[in-house]
Structures are given as C-alpha cells and as structure tokens.
1. How large is the accessible surface per residue of the chain, computed with a 1.4 Å probe and reported in Å² as a whole number?
2. So, with a 1.4 angstrom probe, what is the percent of accessible area on the chain that is carbon and sulfur?
3. So what does the Cα-only Debye profile of the chain read at q = 0.11, 0.22 Å⁻¹, as log10 I(q)/I(0), no solvent term?
4. So what's the back-of-envelope 222 nm ellipticity for the chain, counting only DSSP H runs of four-plus at -39500 (n - 2.57) apiece and dividing by all residues, rounded to 500?
5. What would the Debye equation give as log₁₀ I(q)/I(0) for segment 58-125 at q = 0.12, 0.19, 0.21, 0.26 Å⁻¹, counting only Cα atoms as equal point scatterers?
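The values are calculated or read from the model by the stated rules, or taken from the named source; none is laboratory data. Just so it is clear, the structure is predicted and the values come from calculations on it, not from any experiment. For accessibility, only protein heavy atoms count, side chains too; no ligands or nucleic acids. Shrake-Rupley method; radii C 1.70, N 1.55, O 1.52, S 1.80 Å.
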Amino acid sequence: MKKDVKLWVKDCQVEVEEGEESVQLPFRTTPDLPEDATVKWDCYKLSYSTVHLYGNRSDRPEKQDQDYKDRTEMKKDLLKTGDLSLTLKHPKETDTGTYWCEVYNKDGDRLRVKTVELKVKAKQQ
C-alpha cells in the first residue's frame, strides 16, 4: 500500500510598523545544540547581508553588515535554551525582506535553519 502526501509549510511572517522600538524574528529549537555551534542570521533584500553572528560563545559584531550595527540582539544562553530569536531594534521600512537563521557545528555541518519574512510598513501619518 502506498500513499502520497503533500505538505505545504508556510514561512513565518512578521509584520511591524516603522517607528516601533523593536521587532522579534522568532526561532525556537531544541536545547541540545553543541557549545561550539555558530548561529548566523542573514537577510536578502537586494543583496545578502549578515544581520547577526554568534560564534565562539559570543556575539561577533565585527562580522555584521553596517546597516545592522547596534540594532540586533539575541538572548543569553541561546544554545542552552534553544531560543535563537533575533531582536531587531528600530525597524525601518528598508529592513523588509527575507531573513534566515542557520546553525552550524564546528565542522561546518548545518544543524538547523529557519526562514522569517519581515514586512516593515511605513508609519501612518
């Protein structure tokens, strides 16, 4: 006996109005990630940008795109809790795009991935 099943998975979509204090791009996974894992949030708008990088047990702001400097934050103990959500402060209309988070082990094997569509609407006058 054989059966075909089609599964349609909708990306996570987050919408916020420009001028809000912050927006959270959610990503929760199992809390069994290795201590030496690297977590990388990227965005694609007109080109690829590194939004936030966590590696070697700390944030790596020198690796992120200038447009996101001092505007991103991840929770403490993220590898232990499995909460890899990213907070983007002071979202702008130009932040609208496809964001994805990838988790790698020390050998470069991808362990987890999550995509989030962010829409930042122009502030209503």
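1. For the chain, the solvent-accessible area averages 68 Å² per residue.
2. 46 percent
3. -0.40, -1.32
4. -500 deg cm²/dmol
5. -0.40, -0.94, -1.11, -1.42
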